[in-house]
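Chemist: Would you mind keeping the following structure in view while I ask a few things?
Here, each number is a calculation from the coordinates, and none is a lab measurement. Only a predicted model underlies this, so the values are computations on that prediction, with no experimental measurement involved. With ideal geometry, Cβ positions are generated from the backbone for all residues, glycine too; neighbour counts draw on all protein chains shown.
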Amino acid sequence: MIDLHSHILPGIDDGARTMAMSIDMAIQTLECGVTHLVCTPHMHPGFFDNTPAIIETSFNELVLELRRQNIPLSLSYAAELRVSEHIPIWIKQNAVPFLGEVNGKKVMLLEMPHSHVPSGLEPLIKWLLRNNVQPLIAHPERNRELLREQHKFDWLHRLGCWFQVTAGALTGRFGEPVQEFALTMLASQRFHVVASDTHDTVRRPNDMGEAFAVVAALDEAYAQQTFVTMPSSIIGVN
Ligand SMILES: [Fe+2]
């Protein structure tokens, strides 16, 4: 499996705090059947002021340490961008680490606040699509406004967004309403990829193995598509 959302880089966001923790996360990620993991630290102005240079430095340190300890997890990096007015500026400055490219569009992992759908979202999505950027919305099933008003999920779909559902949402880690919403999306095949969004090995571990089983029990081909084929084609690895 290819996991394109994680907070495994040590000390630069609310994920791994130390290199030892990152290594434990890498081992757990391998154990659940993931062979390639994309490090996607938050870029969230005022909270996690990460830049491509900061991310790259931290990424190189983790790659070296994995090599030193002979841990065979393949890694690449991108970022999880919080919706903000900075995004178009960063894109123009070439300061956004994208996940990859599909059909000539660069794919960006875009995060809304958890409580609501921000008012500037529609113009931002339209701007991104016009500028050859495909927004992949992180964990729509955990947004409380979408959960309450699920027709807004259809609206985002019609606008052209892609969706990344969190593995733990499918297994019930975030409670029943979130699981039900994720399973509704599964029943209508409305998400594009599943990813772990792992932050640690205890509270937010990597749930990809268990989640794959949930999806495969209903539809083996869709599991293959959302855990392997689609994430592979987004990041350009096999
Ligand atoms: Fe995340």
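Chemist: Tell me what the chain gives for mean residue ellipticity at 222 nm when only DSSP H runs of n ≥ 4 count, each as -39,500 (n - 2.57), the sum divided by the residue total, rounded to 500 deg cm²/dmol. Intermediate results must be reported in sequence, preceding the final value.
Modeler: On the way: 11 runs with 100 residues, N = 238.
Computed ellipticity for the chain at 222 nm equals -12000 deg cm²/dmol.
Chemist: Above 25 Å lies some portion of the pair distances; for the range 12-122, what is it as a whole percent of all C-alpha pairs?
Modeler: Values: 1714 of 6105 pairs.
Summing the P(r) of the range 12-122 above 25 Å gives 28 percent of all pairs.
Chemist: Would you work out the relative contact order for the chain, in percent, from Cα pairs under 8 angstrom that are 6 or more residues apart? Walk me through the numbers before you get to the answer.
Modeler: Numbers: 436 pairs, mean separation 51.6, N = 238.
Contact order relative to length: 22 percent.
Chemist: Within 10 Å of each residue's Cβ, count the other Cβ atoms and sort Ile54, Ile8, Ile2, Ile23 from fewest upward. Spell out each step's value before the answer.
Modeler: Values: Ile54 16, Ile8 31, Ile2 24, Ile23 20.
Least to most surrounded, the residues fall as Ile54, Ile23, Ile2, Ile8.
Chemist: Can you give the net charge of the other residues whose Cβ lies under 10 Å from the Cβ of His7, counting K and R as +1 and D and E as -1? Let's see the in-between values first.
Modeler: Values: positive: Arg204; negative: Asp13, Asp14, Glu80, Asp197, Asp200.
After counting each charged neighbour, the total is -4.
Chemist: Provide the gained length on full extension for the span Arg190 to Ala221, in nm with one decimal, where the gain is 0.36 nm per separating residue minus the Cα-Cα distance. List each step's numbers first, then the result.
Modeler: Working: separation 31, 0.36 × 31 = 11.16 nm, distance 1.42 nm.
Extra length from Arg190 to Ala221 when fully extended: 9.7 nm.
Chemist: Measuring from centroid to centroid over Cα atoms, what is the spacing of the range 73-101 and the range 22-37 in Å?
Modeler: Taking the Cα centre of the range 22-37 as reference, the centre of the range 73-101 is 23 Å away.
Chemist: Over the chain, what is the percentage of antiparallel beta bridges among all DSSP beta bridges, to the nearest 5?
Modeler: Restricted to the chain, the bridges split so that about 15 percent are antiparallel.
Chemist: Could I ask something else about it? In the P(r) worked out for the range 2-235, what percent of Cα pairs fall beyond 30 Å?
Modeler: Working: 5080 of 27261 pairs.
Beyond 30 Å sits 19 percent of the P(r) for the range 2-235.
Chemist: Between Phe98, Val133, Leu62, whose Cα lies farthest towards the positive end of the dipole of the chain when Lys and Arg beta carbons carry +1 and Asp and Glu beta carbons carry -1, centred on the Cα centre?
Modeler: Highest projection toward the positive end goes to Val133.
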